[in-house]
Amino acid sequence: MKDYLSKDEIQKDLNSFYHTIEIKDKVTSTNDVLKDKANGLNEGYVLIADTQSKGKGRNGRSFHSPENTGIYMSILIKPDISIYDSLKLTTLTAVAVLNGIMDDGIEEDGIEDCGIVGFEGSIKWINDIYIQDKKIAGILCESSIDMKSDNIDYMVIGIGINVHSYEKPDELKDVAGSIEDFTDTTIDRNNLITKILNNFYHYYSDLNNTEYLNIYRKHSYVLGKKIKVIQGLETFNAIAIDIDDKGGLIIEKEDHTRLTLTSGEISIKVDENRN
Ligand code: BTN
């Protein structure tokens, strides 16, 4: 189905925090384009593209961004927090996206659920959204930091979601899915964008409230599982134990020592013991 991205549709029920919604047919990367002009803009600017020619994923990977199928958007924020607290922005974004897609079952919590029934989404630390065993969305946060204070100057939060079903390239077939692969409901990208942006603002406007972490933990794809941790050149096995209040992943190594990951890459080793 071809649905057109529409500024009017997105803005209809959008929180006024978002002062500008810019929609482009094609950009290199919404994160790169927004970063280039971030210094001269107020927070609450959102750039959305129908396709990206150089969509970026984490750890130098690319993010496949075909036209008319997905959501590729970047939000500019200028939070008054230290870079050491920035992980919470990543985790709360993952919850905002997850809640936009699925019904969290809680009425009256200020969260806008799409309520697409028939599937349960989950979050793979730190910020990949899964349905069953397919990744359907990823988040890439990029910050500029004031070196004197270690505070964030600005952060660009990039969200990529595979919405409509499409034929995936061979290298993605086994790992990536689209939301509509899992439901008969036809999804309106504009409506989903509005919900996710409103959910993001709900959490962002009250950063001391860590309620989103309970949803993050409840829908974790990794807690209780055996994982492989890749940190720089080091790789080791561990069990994912918990998510701490800053979004760090508490793990137990094979020698039973515990540590908290704030960055790095994990992969699931065994699919049993799943929460
Ligand atoms: C990942 O899965 O590793 C993160 C993917 C993030 C993709 C989004 S799409 C919008 C924004 N622009 C980019 O170039 N990347 C992010």
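No value in this document is a laboratory result; all are computed from the given coordinates. This is a predicted model, so every value here is computed, not measured. Heads up, the Cβs are rebuilt from the backbone with ideal geometry, glycines too, and the neighbour counts pull from every protein chain shown.
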message: Which GluC sites (Glu not before Pro) in the stretch 172-275 sit in a loop by DSSP (not H, G, I, E or B) and have at most 11 other Cβ atoms within 10 Å of their own Cβ?
response: Glu254, Glu272
query: Taking 0.36 nm per intervening residue step and subtracting the Cα-Cα distance, what contour gain separates Ile81 from Ile145 on full extension?
result: 22.0 nm
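Return a whole-number percent for the relative contact order of the chain, with Cα pairs under 8 Å and 6 or more residues apart as the contact set.
Computed over the chain, the figure is 17 percent.
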query: When every alpha-carbon pair in the stretch 121-166 is counted, what percent end up more than 12 Å apart?
result: 67 percent
- prompt: So for Asp188, Asp80, Asp146, fewest C-beta neighbours within 10 Å to most, what's the order?
  reply: Asp80, Asp146, Asp188
field: Positive dipole terminus of the chain, leading residue within Met102, Ser6, Gly224 (C-beta point charges)
entry: Gly224
- request: Please report Lys148, Lys124 as a ranked list, fewest other C-beta atoms within 10 angstrom at the top and most at the bottom.
  value: Lys148, Lys124
query: What are the principal axis extents of the Cα atoms in the chain, in Å, biggest first?
result: 56, 50, 40
message: About the Cα centre, and with charges only on the beta carbon of Lys, Arg (+1) and Asp, Glu (-1), how big is the dipole of the chain? Nearest 20 debye, please.
response: 800 debye
query: Can you tell which of Asn214, Asn59, Asn99 shows the greatest fluctuation in a Gaussian network model of the chain with Cα springs below 10 Å?
result: Asn59
statement: With N residues in the stretch 19-81, Rg(alpha-carbon) / (2.2 N^0.38 Å) equals 1.12
His164, His202 arranged by Cβ crowding within 10 Å, fewest neighbours leading: His164, His202
- line: In Å, the Kirkwood hydrodynamic radius from C-alpha pairs for the stretch 165-275 sits at 16.8 Å
- prompt: How much net charge surrounds Ile266 when only other residues with a Cβ under 11 Å from its Cβ are counted (Lys, Arg +1; Asp, Glu -1)?
  reply: +3
query: Summing -39500 (n - 2.57) over the DSSP H runs of n ≥ 4 in the chain and dividing by its residue number, what mean residue ellipticity at 222 nm do you reach, to the nearest 500 deg cm²/dmol?
result: -6000 deg cm²/dmol
